[in-house]
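The values are calculated or read from the model by the stated rules, or taken from the named source; none is laboratory data. This is a predicted model, so every value here is computed, not measured. Reconstructed Cβ throughout: ideal geometry from the backbone, glycine too, with neighbour counts over all protein chains shown.
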Amino acid sequence: MKIIQHSDTDISVSLLHQPGFDISSEDPEAHFGAIHMCVASLAWCTFSVLASYGQRIETPATDMSIRLHWNYAQKPYRIDKISMAIHWPQVPESRLDAAMRAAAMCTLHNTMMHGLEIDTTIER
C-alpha cells in the first residue's frame, strides 16, 4: 500500500506493486502519526473490499486510489468528519452504485459509523 501525506489532515492511498508499505509526504516537516494511520487503515480496508468486489466483476483495482480528508472537533478533541473520494477509473458506469454499497461494507467504515465501546485499564 502506498500512502502519501498531503497535509496534516489529508492523505491518499493506492496500490503498491510490491509487498509492504511506502509512506511519503509532500511536506518534509510533516509527521505521520497515529491519526494518519487510523485514517489510512480505513482507506486500506475500503480498498481491500473494493478490490475483492472488483475481482468478482472482473474489474481490476490496479489504478484505484482513495483520498481522505478529515476535520477535528473539540470537547473532546476527536475526528468528527472524514471525506473519502475513491478514484477507480476501471469500474464500469453500470457498477458504480454497487461499488458504493461494497465500499460501505468495510469493517472499519461500519465500526466508525456505528461506534464502539472501548474498555481501558492500566496495569502495573
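Quick one: which strands (runs of 3 or more DSSP E) lie wholly within segment 18-112 and hold at least 3 residues that are modelled with pLDDT of 95 or more?
65-73, 78-87
Looking only at segment 11-31, which residues are closer than 22 Å to T111 by Cβ and surrounded by fewer than 18 Cβ atoms within 10 Å (Cβ to Cβ)?
Matches in segment 11-31: F21 only.
Output the residues belonging to segment 31-44 that are farther than 16 Å from L16 by Cβ and in contact with a Leu (Cβ under 6 Å, 6 or more places away or on another chain).
Matches in segment 31-44: V39, L42.
Is segment 85-95 home to any residue that is out of contact with any Asp or Glu (no Cβ under 9 Å at 6 or more places or on another chain) and within 23 Å of M113 (Cα to Cα)?
yes
Hey, can you tell me all the residues within segment 43-73 that are surrounded by fewer than 18 Cβ atoms within 10 Å (Cβ to Cβ) and small (G, A, S)?
Scanning segment 43-73 gives S48, A51, S52, A73.
For segment 74-108, give me each residue that is in contact (Cβ under 8 Å) with a residue 24 or more places away in the chain and either in contact with a Cys (Cβ under 7 Å, 6 or more places away or on another chain) or polar (S, T, N, Q) (or both).
Within segment 74-108, Q90, C106, T107, L108 qualify.
Among the residues of segment 1-38, what is the count of those that are in contact (Cβ under 8 Å) with a residue 12 or more places away in the chain, farther than 17 Å from H87 by Cα and among the acidic types (D, E)?
4
Considering only segment 74-92, state which residues are in contact with a strand residue (DSSP E or B) (Cβ under 6 Å, 6 or more places away or on another chain) and surrounded by 10 or more Cβ atoms within 10 Å (Cβ to Cβ).
Those that are in contact with a strand residue (DSSP E or B) (Cβ under 6 Å, 6 or more places away or on another chain) and surrounded by 10 or more Cβ atoms within 10 Å (Cβ to Cβ): I79, D80, I82, S83, M84, A85, I86, H87.
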